[in-house]
1. Are there any helices in the chain, counted as whole DSSP H runs, that stretch 27 Å or more along their axis by Cα and score at least -1.0 on average by Kyte-Doolittle, and if so which?
2. Within the stretch 43-79, whose backbone N sits under 14 Å from a point 7 Å along Cα→Cβ of residue 154?
3. With a 10 Å radius around each residue's Cβ, average the other Cβ atoms per peptide and rank 162-170, 99-107, highest first.
4. From a point 7 Å beyond the Cα of residue 101 in the direction of its Cβ, which residues of the stretch 113-148 have a backbone N at a distance under 17 Å?
5. Return a whole-number percent for the relative contact order of the chain, with Cα pairs under 8 Å and 6 or more residues apart as the contact set.
6. Any number yet on Rg/Rh for the stretch 23-269, C-alpha, Kirkwood?
7. Using 7 Å Cα-to-Cβ label points, what is the residue 260/residue 122 separation (nm, one decimal)?
8. In nm, to one decimal, how far is the modelled label at residue 240 from the one at residue 173, with both set 7 Å along Cα→Cβ?
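Nothing in this text is a laboratory measurement; each read-out follows from the coordinates by a stated rule. Note that the structure is predicted; figures quoted are calculated from it, not measured. Cβ placement follows ideal geometry from the backbone for every residue including glycine, while neighbour counts extend to all protein chains displayed.
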Amino acid sequence: MTDYTTSPGPAVHREIDTSVPHSARIWNYWLGGKDNYPVDEEAGDAYSAIFPGIITIARSSRAFLRRNLTYLVQEVGIRQFLDVGTGLPTVANTHEVAQRLAPEARIVYVDHDPMVLAHARALLASTPQGTTAYVDADLFDVDRILTAAAETLDLTRPTALILSNILGHVADYDQARATVSRLMDGLPSGSYLSISDGSRGTDADYEQAQDAYNETGAVPYFLRPLDEIEAFFDGLELLDPGVVSVPCWRPDPTSPTPVAIGEHGGLARKP
């Protein structure tokens with residue numbers, strides 16, 4: 001993922017910097033992936049020493065996405081997915097979940113990170129019936145994202161926009177909201193928006209660990225209060241149970257009773 005603290009200029013390719021920790025690589029480490037460096041492991045371990053619950057947050061966020069995708073495919077028949085800020089491939093990636101349920105599903109991943117680009121081949125492992133594509137574009141370059149996505153997706157048909165743990169990298173809240181609105185404006189009625197992001201107000205240790213991480217020189221990530229996350233869905237039809245702590249969003253009835261954590265998310269339909 002790119003540094004979204006300010007709106008960037010034209011897209012440029014950057015070299016992989018292994019001298020400072022990187023959020024996508026740390027997230028990969030927490031999820032049990034191998035695409036990271038010692039500096040990322042050190043930062044991840046330092047973070048979890050302050051707040052061990054970050055491992056639960058990372059895995060709960062991925063499980064939330066899996067339940068979203070299952071609903072979208074099985075309950076409303078969505079077959080097109082635009083996953084922006086996808087990060088590094090680990091387990092239960094969008095195309096894997098969607099195409100396991102509907103082999104003809106079409107997925108476009110978008111990121112602007114040199115290491116993610118280097119792993120694009122892994123992301124492009126589609127089923128024969130479906131399609132998986134990768135777009136090297138910045139979150140703010142909405143026109144490029146939609147134009148490139150239209151080469152794989154039929155954007156006259158309902159499409160699910162996935163924004164998982166990406167909006168917290170945008171320092172300017174108004175800019176984050178405007179970017180979400182512009183992306184959804186490019187999708188037709190019947191499309192869906194899935195968002196999950198770290199939140200303030202649930203766990204003081206989490207907030208302390210994140211504030212400390214933001215001071216390391218790595219790309220910062222800003223936890224937001226619940227009402228700000230809810231506002232990303234303004235103008236859309238929010239599905240029950242609304243924006244909630246991610247383990248509490250339509251949990252598997254066979255799983256233990258979910259416990260709220262500092263990660264909130266929701267799923268909404270464009271009227």
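1. 54-74
2. Inside the label zone: 78-79.
3. Descending packing order for the listed peptides: 162-170, 99-107.
4. Zone members listed by number: 127, 130-131.
5. 20 percent
6. Ratio value, two decimals: 0.93.
7. Output for this residue pair reads 3.5 nm.
8. In this crude label model, residue 240 to residue 173 measures out at 2.9 nm.
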